[in-house]
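Student: One structure, pasted below without further comment.
Rule-based calculations on the coordinates, nothing more; no lab input. Fair warning: this is a prediction, and the values are worked out from it, not measured in the lab. Note that each Cβ is placed from the backbone with ideal geometry, even for glycine, and that neighbours are counted across all protein chains shown.
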Amino acid sequence: MKFAAAALLASLAAGAALAEDLTPASMLGHTEDEVKATLVSMGYEVRKIEEEDGKIEAYFVKDKTMGEVYVDPASGIVSKLSMK
């Protein structure tokens with residue numbers, strides 16, 4: 001049941017994310033699985049995701065652009081975004 005609730009939240013976050021591109025104010029999710037699902041739904045390939053210093057850190061690639069995002073798990077919102 002817990003997995004079903006997490007999947008529902010991830011799909012809701014993903015649906016909202018489809019309407020926008022990744023920005024410092026993006027809502028990505030509260031768990032690593034939610035963040036990964038949202039990034040994938042936005043067309044990003046998630047290369048690595050882990051917890052670091054209380055934040056969810058994800059490394060991703062899209063259209064030959066690499067990036068790193070930190071998400072506050074309490075709010076689910078991006079706290080730092082870096083694109084290379």
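Student: Give me a count of the residues in region 35-48 that are among the hydroxyl-bearing types (Ser, Thr, Tyr) and either touching a Lys or Arg at 6+ places or on another chain (Cβ under 9 Å) or in a strand (DSSP E or B) (or both).
Tutor: The qualifying residues number 1.
Student: Pick from Glu51, Glu57: which is assigned to a strand (DSSP E or B), among the acidic types (Asp, Glu) and in contact with a strand residue (DSSP E or B) (Cβ under 6 Å, 6 or more places away or on another chain)?
Tutor: It is Glu57.
Student: Please go through region 25-73 and give me each residue that is within 13 Å of Met83 (Cα to Cα) and either of a type in the set (Asp, Glu) or surrounded by 11 or more Cβ atoms within 10 Å (Cβ to Cβ) (or both), ordered by number.
Tutor: Answer for region 25-73, where residues must be within 13 Å of Met83 (Cα to Cα) and either of a type in the set (Asp, Glu) or surrounded by 11 or more Cβ atoms within 10 Å (Cβ to Cβ) (or both): Tyr44, Ala58, Tyr59, Phe60, Val61, Lys62, Asp63, Met66, Gly67, Glu68, Val69, Tyr70.
Student: Out of all the residues in region 60-84, which are within 11 Å of the chain's Cα centre (by Cα) and not in a strand (DSSP E or B)?
Tutor: Answer for region 60-84, where residues must be within 11 Å of the chain's Cα centre (by Cα) and not in a strand (DSSP E or B): Asp72, Pro73, Gly76.
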